[in-house]
Amino acid sequence: MKLNQKTIETLKNFAGINTNILIKEGNELSTISTMRNIFAKATITDQFTKEFGIYDLNQFLSAVSSVSKPELSFKDKHLEIFEEGSPKDKDDFFYSEASLIVSPTKEVKMPEADVSFTLTEANYKKLLKKALIYQVPDLALIGTKGGDVVLKVYDKKNDTSNSSTVVVGQNATADYTFYFKVENMKMLDGDYDVSVSSKSISHFKNKKLPVEYWIALEPDSTITK
């Protein structure tokens, strides 16, 4: 089996959410963070014929990338990684027990959204860059009823925190401040349709790629309808 480059990119992204993964038969990948506050799912063009666990996804990706034209062969207890056309010169990469892996056990059911907007790739990258520049941990979705809807990176515990704000909507239907941790924003690049529910969950769906993320809100989020 050859891994499509987009599959590799998706796995690299998922490794930033959780360093282990349970890959199931079929063409869907999913992962969940160890804190169970980030869930991600993607449809890929590759078709896996066997369920197997990888305990260290970064190590697996490094092994695959060390071969110029890698191919995979799935055995009972391990997979073989080898150069295309040279199956005898190979690495044996052993599967992990499923019980050792933090993996999704059910689908996320998104409640009715209180706020929906589009997050462009440009704004997403700008906010992450400014959060890094200012060394701030928080991302807030803020709406003032009848006014703009904005995303703001700052330190909510510091009244004099440097900050950066972008407008993502108008005519807010309520007063709200929904908090995220910047460190939880680990999506692939792209534009996203975003839905946020006051029931402590948000949904980010990529407009072009078949990948989506569900990210928990911080418990001090508020809304006044």
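For the residues D159, D189, D114, a GNM of the chain with alpha-carbon springs under 10 Å puts the largest fluctuation on D159.
Between the Cα long axis of helix 5-15 and the first principal axis of the chain there is an angle of about 60°, rounded to the nearest 10. Expressed as a whole percent, how much of the Cα-Cα distance distribution for the range 5-100 exceeds 18 Å? The share of Cα pairs beyond 18 Å in the range 5-100 comes to 45 percent. Sparsely packed loop sites in the range 1-107 (the chymotrypsin sites (Phe, Trp or Tyr not before Pro) outside DSSP H, G, I, E and B with at most 16 other Cβ atoms within 10 Å) comprise Y55.
Taking a ≥ b ≥ c as the square roots of the eigenvalues of the Cα gyration tensor, the range 115-224 is classed as rounded, since a/c falls below 1.5. log10 I(q)/I(0), Debye, Cα-only the range 58-178, no solvent, q = 0.10, 0.15, 0.18 Å⁻¹? Here log10 of I(q) over I(0) equals -0.63, -0.82, -0.93. Determine the shape class of the range 45-87: with a ≥ b ≥ c the square roots of the Cα gyration tensor eigenvalues, call it rounded for a/c under 1.5, and otherwise prolate if a/b is greater than b/c, oblate otherwise. Oblate, since a/c reaches 1.5 and b/c is not below a/b.
Using only the alpha-carbon atoms of the range 170-225 as identical scatterers, what base-10 log of I(q)/I(0) does the Debye formula give at q = 0.19 Å⁻¹? Relative scattering, expressed as log10 I(q)/I(0), comes to -0.73. Each Lys and Arg contributes +1 and each Asp and Glu -1, all at the Cβ; summed about the Cα centre of the chain, the dipole is approximately 440 debye. For the pair the range 1-26 and the range 62-80, the centres of their Cα atoms are 13 angstrom apart. When the Cα atoms of the chain are aligned to their principal axes, the ranges along those axes come out at 66, 34, 30 Å in descending order. For the range 82-149, the set of trypsin sites (Lys or Arg not before Pro) satisfying both a DSSP loop assignment and a count of at most 15 other C-beta atoms within 10 Å is given as K88, K106, K109.
Each reported figure results from applying straightforward, stated rules to the coordinates on display, with no laboratory input. Here the structure is a predicted model, which means the values were calculated and not measured. With ideal geometry, Cβ positions are generated from the backbone for all residues, glycine too; neighbour counts draw on all protein chains shown.
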